[in-house]
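Remarks on the structure that follows.
We did not get these values from a lab; they are worked out from the coordinates using the rules stated. What you see is a predicted model; the values in this text were computed from it and never measured. Virtual Cβ from ideal backbone geometry, glycine too; neighbours counted across all protein chains shown.
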Amino acid sequence: MTASGLGRGANRLGVSGHQVLPAAALCPVVAELREAVTEAGAGLIGVTSLAAGSDQLFASEVLAAGGHLHAVLPCRDYEETLRAGDRATYQQLLEQTVSIEVLLFEEPSEVAFYAAGRRVVDLCQRLLAVWDGQPARGLGGTADIVTYARQQGRDVRVIWPAGVSR
């Protein structure tokens with residue numbers, strides 16, 4: 001499947017979210033991701049950058065539900081930006097991904113990450129945002145992607161447990 005294979009009729013759910021989640025957020029976030037993926041139904045394609053944290057949790061839920069993954073990678077050698085444990089999970093998920101799109105950035109940067117987040121939005125019908133509602137801590141953070149998604153008229157579901165701070 002290619003990016004063009006994600007056309008009309010496909011059930012596309014994207015994700016953007018924090019890479020580091022506080023322990024108090026982990027179980028509620030996973031439960032709500034699972035609920036959203038289940039609600040999406042058959043033929044689900046999860047669109048993700050497979051970043052640490054929220055993206056990898058989402059990708060695991062999509063696969064567990066029998067869906068497929070389309071990865072949007074911000075740059076070549078993207079996995080080098082991940083810590084060892086997150087890199088291992090990334091590799092496992094990447095092996096199960098049916099289509100991979102690598103953006104034309106030679107190295108990691110905020111601009112590359114922002115472009116990848118926008119591409120996820122462009123490819124999905126609904127965005128799940130694992131987001132504490134705070135401003136982005138750098139270009140391409142979750143707040144920036146939520147703003148872009150809303151500007152594009154995408155349905156955005158914010159997932160964050162009440163009373164939990166990052």
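Per the Debye calculation on region 100-166 with a single equal scatterer at every Cα and no solvent contribution, log₁₀ I(q)/I(0) for q = 0.12, 0.15, 0.17, 0.22 Å⁻¹ amounts to -0.32, -0.50, -0.63, -0.95.
Find the relative contact order for the chain and round it to a whole percent, using C-alpha pairs within less than 8 Å whose residues are 6+ positions apart.
Details: 322 pairs, mean separation 46.7, N = 166.
28 percent.
A cut-off under 14 angstrom between Cβ atoms defines the neighbours of GLU32, and their net charge, with Lys, Arg +1 and Asp, Glu -1, is -1. Residues GLU107, GLU101, ranked from the fewest to the most other C-beta atoms within 10 Å, line up as GLU107, GLU101. The chain gives an Rg/Rh value of 0.92, both radii derived from C-alpha positions and Rh following Kirkwood.
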